[in-house]
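All of the numbers you see were taken from the coordinates with simple rules; none came from a lab. This one's a predicted model, so the numbers in the text were calculated from it and none came from an experiment. Don't worry about glycine lacking a Cβ; one is built from the backbone with ideal geometry, like all the others, and counts go over all protein chains shown.
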Amino acid sequence: MIKAILVFNNHGKPRLSKFYQYFDESLQQQIIKETFQLVSKRDDNVCNFLEGGSLIGGSDYKLIYRHYATLYFVFCVDSSESELGILDLIQVFVETLDKCFENVCELDLIFHADAVHHILSELVMGGMVLQTNMNDIMARIEEQNKIVKQEAGISAAPARAVSAVKSMNIPQQIKDIKLPDLPQAIKDFKF
Amino acid sequence: MALKKVKGNFFERMFDKNLTDLVRGIRNNKDNEAKYISTCIEEIKQELRQDNINVKCNAVAKLTYIQMLGYDISWAGFNIIEVMSSSRFTCKRIGYLAASQCFHPDSELLMLTTNMIRKDLNSQNQYDAGVALSGLSCFISPDLSRDLANDIMTLMSSTKPYLRMKAVLMMYKVFLRYPEALRPAFPKLKEKLEDPDPGVQSAAVNVICELARKNPKNYLPLAPIFFKLMTTSTNNWMLIKIIKLFGALTPLEPRLGKKLIEPLTNLIHSTSAMSLLYECINTVIAVLISISSGMPNHSASIQLCVQKLRILIEDSDQNLKYLGLLAMSKILKTHPKSVQAHKDLILACLDDKDESIRLRALDLLYGMVSKKNLMEIVKRLLGHMERAEGSAYRDELLYKVIEICGQSSYLYVTNFEWYLTVLVELIQLEAGSRHGRLIAEQLLDVAIRVPVVRQFAVNEMTNLLDTFTVSAQSNSMYEVLYAAAWIVGEFAGELEDAEKTLNILLRPRQLPGHIQGVYVQNVIKLFARLATTCLELQDLPGLVKLCEHVLEKLQHFNGSSDIEVQERANSACMLIEMLRTQLSVTDEGMALMDTTTTEGGGIPPLAIEIVQEITLLFAGELIPVAPKAQRKVPLPDGLDLDEWINPPPPEDAASSSSSEHDKDELFVSAGTGVDGSSGGGGSGGGKRRQSLELTPEQLERQRMARLLEQSSNPHYLKSTPTASGSAANADQYDNIDDIPITELPLDMEGVAALRVGITKRSDKYLQEQQQQASAQGGGKDGKKKHKKGKKSKKSKNKVAYNSSSESEGEPKPLHIVNTTLDMPEGVSMSDSEDKDGKYDPHDPHRALDIELDITDFEAPAVRSTTSSKKPSGKENLKVPAETTSSSSTSKKDRKKDKDKDKDRESKRERKAAAAQPVIDLIDANTPTPSPRHTSSNNASNSVLPDAAKPHKQKKKNKEKTQASAPGIIDIVQEEELNEAESASKSHKKKHKKEKSQRKEKKKTSSASATDYEQPLGISTPSKEIF
């Protein structure tokens, strides 16, 4: 069983937290913090297994993690999971993210935390590994995205417009317009 | 109107933040994140009041993000449910995600969701149901499990593999919360093991593995099915799970293990996936442990495992190295020899840069030492210690050195002079800041338990006392002085130059109080020894001088700030003063009448008596006490530790005297214990403890009075004295004389040989050993050594030593450890009390310990040998189970007995004919890829020989007929179900407790924005499994 899946960056900021056993929010944050402290002090060239922290698990649990660029992917698992298997699962997860976001980077995870959750839910369900085949996972995700797009359809048109307007970043653009020039131009314009 | 609504929407939407805006806002407000988020939450609350579901949906999505940052969003539970119930997939998905993040099985809102979730589960859109299942798996409660179990079971036979897969996994969660579901659902679950879709199959394996991990015995009958899957499947993920499951099953059924060896060995040879290889090795190890005897060729399997592990350890991948060492340590427990062959490799790992690998290697070392290689290994460890950086690791090394040398009563230490030298070197390395006490204990232990080495020890310790400088650092190494002082004092008789040692002890030094106290005490011991010598030599002036000298030096201790030191020094001074007065009296007396110098060399008889008395104080030998002996001493009858020793208010004379005697009684018994154990060593030991001797009548009277008093005292916990207990107590002190004390024979030649060159460096011993070995072996290492000295075999008590005598070529132990321990009567050395910690009342798996109606894998075998008579369908299995469950309890009992008989019968038959199906399987067990499993994605999986395919097909048919035969049917046991209910209740409680432990905590951390765009760089796909 997988007890928790945590993704955080090199500074310990959570980017994804999925607990398959209930902890209240403050305890969750403590666990993330503790896990970060355990994981971050390890070199990159040491092994990826770690005896569990005090807050989560116990002697039966292990932290299995991978470090990619700015992000740590940490799985907290018990002894029924194969260590190397979980490492491969992390790889599959990250590769799936890479496919979904096209060259995934930390920003993708920051701004699309919900999408990451949806992807993860195709890999792991309730702490058990659901699907490990990337093609299958991608197929499921694409089909679901298609449904979302269909539903968006016309009703989402105003929403899209709004977001387009928003992304125009109006305040900035208004500022960018050189207002002083305008009166000058008008002045210069001779009738 | 419509326009207005749209317009309203538009404007609302225009000013609402979406998730991206929220994230951007939080990132722009790093300095006052908490404030920003609280304003956002206010906005979200506004949005949630809107009618528009899309607005709500947006708000819930934002809440989910905020939850990740550690904010409680359970207040929005109702809105989340609203969003979940939306007909749009987009909203539904957001709703279920939020629910899975913040709901938990105790959420009261969950009872609102039952029908909605049921509707979703039965939705036409498979993704609606899929999303519902994913969400439900995170927050399913016992009530939901009960209400939805049937719907989920229906989904298990859905036409869509995606839903089947999810439903199968979901059932595990249902079982955990609602154990009653397990029995009816199990046949279906079993069916899914043979599902055409590999994903569903894998999910079913996953669920059964989880179930079986906690209650393996109930799933033993499924072994043939799993065996078939193992030999046919190519899905590595599933194979790993199955192999892990077999690892849990083999301890229960050794015959299964024997069948497994061969296919597992084949897998080990054929697979290219390291993860699978590793799990195979692990299970083979488990099998070999469970069938430690009776396997003719298991040494080959061990060899294979060790070889493969060697490859793992040699790999440059640190993960493989780590796991290899981990698995090695498992082999080590049962087959230390095969691991010892790879000593070089493991020692090399000690140099690894990864600390976890170094520690694993150290763990292995513990089991790898032998008499032959101990010196060498310790030498290397000492070398590592000198080089190692970081005091924690050095400490660990020091600890390991002591651990490997001290294990099983110094089994592998053949030369204790060497060991003492090592200990002294460890002290001089000044590495173990924490382990000073440990070394001190070792020094004491060796000196006490190995009488032969004492002379060497006292001299070493004298040197140590002389040269050791207490550094100002906060390390605890000075503790060794405690041991050193005690050893030189206690074994003063072995000292060559006692006077020198005495002077060293008397030297004023800055030391902690408890060590100075020991110094003073041992000064008296040494003084007694020297005074006796003076008596023997009739050296009156020498004795006087000695007294003067010691008295003068003790003044330093007299002024100590430590109360203990002061007291001891004062007592010592008084004692010596007494002697000196006597001596000075004689001086005058001698001057008066020198004619009476007939005997005693002029030393007055009174002085002689005092010296003898002082010597008697320290006479007698101490023998080691087992670490737990004290704890296991039963409380003597009538001894009440809670009772006042000195009653607080002045009472009548009788009671006060009784408590006084009470105290005395305690000490008398302890005193006789010590005397008794000292045996013949302490002559006249009885003199040492002068105490009030009470007549039995007096004692009895006092005890009665006390018992009366206790019985009328409501605060007194009455003991329940059992007859046997008191008898044991009575015996205890009588029998202490009977505890055998071994007189250990010396191996004279060895000791003599060593005496020739007493060297400081421990390496000398190693060289010596090697020289000896080469001399004996005629220059070759592997040659057999001549028989061990007969002398050493005589002693009965050296069990440990004798047990290892089968190993050839090992050096002869020069010293023998005294393994006699002081133990109370009727107490064993085993630590039986240490195993109670395992029981966890909250473990939901306890409730799942339900016997299942699984066709016993023995049964088909019996039938097949008797030309299978009645192959009936599996569907029948459920019917008898139901009828029996409704029957009366007495009937059930009878039925149980019957079942037992049946079991026994089948067991008997088993011996004759059973295990045949398994044998059948094995005969044709060349693993083949089953065609339906080789999907495109499995291309990277292990490639197995195709040649065996037709063979396989035949086997499958055979199995089908076997599987369809009915088996032994078990009965529903209601007690178990009740237990299950109570267990789930207690689970609930646990959650509440967790909730109450809530604490507030805020996060302050800033991330540099520049990193974010860095791609994750996943250019090295391993993907060996998938």
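Between the listed residues A:38, A:21, A:59, the Cα displaced farthest toward the positive end of the dipole of region A:2-153, a dipole computed from Cβ unit charges relative to the Cα centre, is found at A:38.
FRET efficiency for the residue B:87 to residue A:102 pair, using the beta carbon distance and R₀ = 35 Å, is estimated at 0.65.
Take each residue of peptide B:21-28, count the partner chain Cβ atoms within 10 Å of its Cβ, and average: the result is 2. Here the 3J(HN,Hα) profile of region B:54-67, calculated from phi with Karplus coefficients 6.51, -1.76 and 1.60 at θ = phi - 60°, is 5, 5, 4, 4, 4, 5, 5, 4, 5, 4, 4, 5, 5, 4 Hz, Gly and Pro shown as x. Mean sequence separation of contacting Cα pairs (under 8 Å, at least six apart), scaled by the length of region A:1-86, corresponds to a relative contact order of 35 percent.
Oblate is the label for region B:188-297, because the ratio a/c of its alpha-carbon gyration tensor axes (a ≥ b ≥ c) is 1.5 or higher and a/b is not greater than b/c. Taking every alpha-carbon pair under 8 Å whose residues sit at least 6 apart, region A:2-153 reaches a relative contact order of 22 percent. By the gyration tensor of its Cα atoms, with a ≥ b ≥ c the square roots of the eigenvalues, what is the shape of region B:432-565: rounded for a/c under 1.5, prolate for a/b over b/c, or oblate? It is oblate, given that a/c is not under 1.5 and a/b is not larger than b/c. Spin-label pair residue A:148-residue B:640: with each label point 7 Å from Cα along the Cα-Cβ axis, the two points sit 7.5 nm from one another.
Counting neighbouring beta carbons within 10 Å and listing from fewest to most, the residues B:399, B:65, A:20 come out as B:399, A:20, B:65. The stretch between residue B:564 and residue B:49 holds 177.8 nm of extra length on full extension. This uses 0.36 nm per residue minus the Cα-Cα distance. Under the simplified labelling scheme, the residue B:147-residue B:35 pair shows an inter-label distance of 4.5 nm, with each label point 7 Å from Cα along Cα→Cβ. Across region A:62-70, computed HN-Hα scalar couplings (Karplus, 6.51 cos²θ - 1.76 cosθ + 1.60, θ = phi - 60°) run 10, 9, 10, 9, 9, 10, 10, 6, 9 Hz from first to last residue, x flagging Gly and Pro. Around the amide H of residue A:15, modelled in the peptide plane, lie the amide H atoms of A:7, A:8, A:9, all under 5 Å away and 5 or more residues distant in sequence or on another chain.
Quick one: of A:62/B:190; B:217/B:244; A:18/B:192; A:99/B:321, which pairs are farther than 21 Å apart, Cα to Cα? Table pairs above 21 Å Cα-Cα are A:62/B:190; A:18/B:192; A:99/B:321.
Averaged over B:244-250, how many beta carbons belonging to a partner chain fall within 10 Å of each residue's beta carbon?
Values: counts 5, 1, 0, 0, 2, 0, 0.
Taking all residues of B:244-250 together, the mean is 1.
Quick check: Cα centre of region B:228-243 to Cα centre of region B:48-116, how many Å? Measuring centre to centre over Cα atoms gives 39 Å.
Close amide H partners of residue A:3, meaning residues 5 or more places away or on another chain with modelled amide H under 5 Å apart, are A:76, A:77, A:78.
Placing +1 on the Cβ of every Lys and Arg and -1 on the Cβ of every Asp and Glu, with no other charges, gives region B:398-447 a dipole of roughly 140 debye about its Cα centre. For region A:1-125, the square roots of the Cα gyration tensor eigenvalues, ordered a ≥ b ≥ c, give a/c below 1.5, which places it in the rounded category.
When both region B:332-347 and region A:77-101 are represented by their alpha-carbon centers, they are found 33 Å apart.
Please give the contour-minus-distance gain from residue B:114 to residue B:255: 0.36 nm per residue of separation, less the Cα-Cα distance, rounded to one decimal in nm.
46.1 nm
What pairs in B:333/B:371; B:56/B:173; B:371/B:400; B:92/B:166; A:3/B:241 have C-alpha atoms more than 19 Å from each other? Cα-Cα > 19 Å for B:56/B:173; rest within.
Whole-Hz Karplus values for region B:190-205 come out as 5, 4, 5, 4, 10, 5, x, 8, x, x, 5, 4, 4, 5, 5, 4 Hz, taken residue by residue from phi with 6.51 cos²θ - 1.76 cosθ + 1.60 and θ = phi - 60°; glycine and proline positions read x.
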